[in-house]
Amino acid sequence: MMTGKQIVVGVTGGIAAYRAAELVRLYVKAGAQVHVIMTRAAAEFITPLTFQTLSGNPVHTDLFSLISEREIGHITLADRADVLVVAPATANLIGKVAAGLADDLLTTTIMATKAPVLFVPAMNSNMWENPVYQGNQARLRNLGYGFVDPVSGLLACGWQGQGKMAEPDVVWEETLRLLTPQDLASETILVTAGPTREELDPVRYLSNYSSGKMGYAIARAASRRGARVILVSGPTCLAPPAGIDVRRVSSALQMQQAVMECLPVVTVVIKAAAVADYRPEQRDKQKIKKGPADRMQLNLLKNPDILSELGRVKGDRLLIGFAAETENLEEHALRKLKNKNLDMILANDVSHPEAGFEVDTNLVRIFYRNGTAEQCLLMSKAELADVVLDRLLRLRYPSAAGNGAGQ
C-alpha cells in the first residue's frame, strides 16, 4: 500500500533523531518515495547525508531555498505529501504548531499541507507530563492531527519514564493506517487467534501447532482499515498489534468465556483460532511422575464448540470460520459451513508445506453460504487478511459488490 506514496518526514532536534533513519529505511523498503525535512537543531544530532543516502532524495533544510527554479520548497513539499510524519517531534515543535507559528521549513510545510500529519513525540518525561505540553498535544489532536505516543523506558538523559520515541515499526504501521481507506470504520470485529492449551498438570498440556499468524494478520489489517478490533488470543510469541483490544486466554473454556462476553458489542466474528476439541478430564495439581508401567491412560472430555455456539446466537452478525484439514477439504469445509451457520469459511490443507501452521503464507479455498466458492492463489497471510476483509465487505454490502465472489 505504500508503493509510490510520497512521504515527507520531518526530523527535529532530539537524541531520537537517529531512530528516524530506521523509519526512513522502512518507508523506502515498502516502496515509498521519501523526502526529508530537517530542522537546524536536528542536524546537530545526525547529518543530512545520512537521510539523503537512505531516501535517495535531497534533504531539505532551508526555508528560503528553491527545490527547482520555480518551486517554493514548503509549498511543493506540502502539495507532494500523501502523509507528513514528524519523528521525533520535540515539545518545541509541537508547541509552535499548536500556536499556529510557521517560522522554518518544517513548520511552514505542516501549516501548508492538506495531507494527514502524524507526530511522534520524544522528550524528557517531565516535559512529556508538563500540562502545557499536554494541552498543546490535546489541541492538535482535537484539530485532527495524529500522534504515536512515546513509550516508557530509560531515556538518554538518564531518567526513567515515558518519553522514549515509539519503535519505528509502530510508526510505520500507523503511517500505513493513515494511507489506507477506512472502509471498516463502522464495524466492530472480534478475531480469535492462536492455539489453546489444555493442561494435564503444572508442566504439561495438550495443544496444536497454530502460531496465531493468520488471526493476528487479520486483526492488524482490520484495525488499519478503521475497524474497532477485539483480539482474543491463545498463547503465541507474536507481539500484539498496536491499538487493538487484546484478551489473552489459554484454554478453550477461557476462550469461550472471552468470546461470549465480547459478542454483544461486535458486528463481525472471524474465528481463526485453532481450538482444542478435547481437554483432560482431570488436571493434576502436581507434576505427573513417570511410573513403572509402559502405558498411561488419559481420559478426555469434549470442549464446547465455540463456533457452533456463535452460529446459534449470531443474529445479523457476520460469522467467518476457518477449516484446517488434511483430507477431503471441500467436503469437510461445506459440512462445517452449513452445520455451524457460517457466512463464509476459508479452508486450507495444513499438510501443504506453504499453507500449514507456523509458516508466513497460506493457500485457501473460500466457500460461501450461497453455494459459491473461490480458489485463492498462494499468498502471504498479511495479503490474505485483506482478501478476507474485502470479502467481508462484499457480504455486508452485496448491492455494491457487483458480481464478485460470494454473491
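Summary table below
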item	result
Some residue of region 123-136 being in contact (Cβ under 8 Å) with a residue 12 or more places away in the chain, within 25 Å of Gln160 (Cβ to Cβ) and among the acidic types (Asp, Glu)	yes
Residue that is surrounded by the most Cβ atoms within 10 Å (Cβ to Cβ), among those in region 274-310 that are over 14 Å from Thr196 (Cβ atoms) and in contact with a helix residue (DSSP H, G or I) (Cβ under 8 Å, 6 or more places away or on another chain)	Leu310
Pairs with Cβ under 8 Å, 6+ apart, first in region 376-398 and closer than 21 Å to Arg317 by Cα and at pLDDT 95 or above, second in a helix (DSSP H, G or I) and β-branched (Val, Ile, Thr)	Ala385/Ile218; Val388/Ile218; Leu389/Ile218
Strands (runs of 3 or more DSSP E) fully within region 312-407 counting 3 or more residues that are surrounded by 17 or more Cβ atoms within 10 Å (Cβ to Cβ)	318-325, 344-349, 365-368
Among residues of region 245-259, those that are within 11 Å of Ala193 (Cβ to Cβ) and not in a helix (DSSP H, G or I), counted	4
Members of region 158-167 found to be closer than 16 Å to Asn92 by Cβ and part of a loop (DSSP other than H, G, I, E, B), listed by number	Met165
Arg224 of a type in the set (Lys, Arg) and surrounded by fewer than 18 Cβ atoms within 10 Å (Cβ to Cβ)	no
Residue within region 83-90 that is hydroxyl-bearing (Ser, Thr, Tyr) and either in contact with an Asp or Glu (Cβ under 6 Å, 6 or more places away or on another chain) or farther than 21 Å from Gln137 by Cβ (or both) present	no
Where Val170 falls short, out of the listed (1) assigned to a loop (DSSP other than H, G, I, E, B); (2) under 30 Å from Asp386 (Cβ atoms)	(1)
Residues satisfying the stated conditions in region 113-148, i.e. part of a loop (DSSP other than H, G, I, E, B) and within 14 Å of Gly10 (Cα to Cα)	Thr113, Ala115, Pro116, Ala122
So Gly144, is it assigned by TED's automatic domain parsing to the domain that holds Ala78, under 30 Å from Asp360 (Cβ atoms) and exposed (fewer than 14 other Cβ atoms within 10 Å of the Cβ)	no
Any chance Val132 is in the same structural domain as Ala43 (by TED's automatic domain parsing), more than 18 Å from Ala42 (Cβ to Cβ), surrounded by fewer than 16 Cβ atoms within 10 Å (Cβ to Cβ) and in contact with an Asp or Glu (Cβ under 9 Å, 6 or more places away or on another chain)	no
Enumeration of residues in region 196-221 that are farther than 21 Å from Glu167 by Cβ, among the small types (Gly, Ala, Ser) and not in a loop (DSSP other than H, G, I, E, B)	Gly215
Top-ranked residue in region 147-176 [being of a type in the set (S, T, N, Q) and touching a Ser or Thr at 6+ places or on another chain (Cβ under 9 Å); ranked as surrounded by the most Cβ atoms within 10 Å (Cβ to Cβ)]	Gln162
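The values are calculated or read from the model by the stated rules, or taken from the named source; none is laboratory data. The structure presented is a predicted model; accordingly, all values stated were derived computationally and were not measured. Glycine gets a Cβ as well: all are built from the backbone with ideal geometry, and neighbour counts include every protein chain shown.
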